[in-house]
Amino acid sequence: MTSLVPIPAPQFDLQRTLDSGQVFHWLPEEGGAYRGLIGETPVRVKQLGDVLWVTPGAQSLAARYFALDHDLDAVCATFPKGDPALAEAAAFCRGVRIIRQPLWECVATFLTSSMKQVSHIRQMSHALRQRFGRPVEGWESLAVYP
């Protein structure tokens, strides 16, 4: 991967995680990469198998943000056994991580999400960033929340 560096990402699904309705500002790029912000840091990410390729210097930031330190087998082992609905949900969502968002970003998107679909929340998140945030040099259409 040109200009990206690898970090281990076992049991992780980048696309499912970004499309899960937790975050709304990550933009897809050609070739399966995404660009977005982790706090105020611009980051580009792409997953190939069990490896997440990230912007150089953002490895620990991305690993924490995407909760790659969580052992999903250990987490799933704590689920009650014998519940078919829970087993089906766990299988369906395999690889989705709970993102460690900055507090303001989480609160702002939560407050604007009432009775909205993900596409609407994404539009509102981008509009709030553009109107009230600070632009990120070289990353048109992305802005840091105030």
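Every read-out reported here was derived from the displayed coordinates using simple, explicitly stated rules and does not represent laboratory data. Remember, predicted model here, so these are calculated numbers, not experimental data. Ideal geometry is used to build each Cβ from the backbone, glycine not excepted, and the neighbour counts take in all protein chains shown.
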GNM top mover of Gln117, Gln59, Gln15 - the chain, alpha-carbon springs below 10 Å
Gln117
Expressed in nanometres to one decimal, the distance between label points 7 Å along Cα→Cβ at Lys81 and Leu61 is 4.4 nm
In terms of modelled amide H atoms, which long-range or inter-chain residues lie less than 5 Å from the amide H of Phe24?
none
What are the ³J(HN,Hα) couplings of segment 55-72, residue after residue, when phi is run through the Karplus curve with 6.51, -1.76, 1.60 and θ = phi - 60°? Round to Hz, x for glycine and proline.
4, x, x, 10, 4, 5, 4, 5, 4, 5, 4, 8, 6, 6, 7, 7, 8, 5
Mind jotting down the distance between the C-alpha centroids of segment 1-32 and segment 71-146, whole Å?
13 Å
Looking at [x] 48; [y] 56; [z] 43, which value of percent of Cα pairs over 22 Å apart comes from a calculation on the structure shown?
[z]
Listed with the fewest Cβ neighbours within 10 Å leading, Arg129, Arg100 appear as Arg100, Arg129
Most to least packed among 28-34, 130-136 [average Cβ atoms within 10 Å]
130-136, 28-34
Between Val107 and Glu137, what is the spin-label point distance in nm, taking each point 7 Å from the Cα along the Cα→C-beta axis?
3.0 nm
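Could you give the length gained by full extension between Glu29 and Asp13, i.e. 0.36 nm per residue of separation minus their alpha carbon distance, to one decimal place?
Stretched out fully, the Glu29 to Asp13 stretch lengthens by 4.1 nm.
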Restricting to DSSP H runs of at least four residues, report the calculated mean residue ellipticity at 222 nm for the chain, -39500 (n - 2.57) per run over all residues, nearest 500 deg cm²/dmol.
-9500 deg cm²/dmol
Sequence-distant residues sharing a close amide H with Asp13 (under 5 Å, placed H):
Val96, Arg97
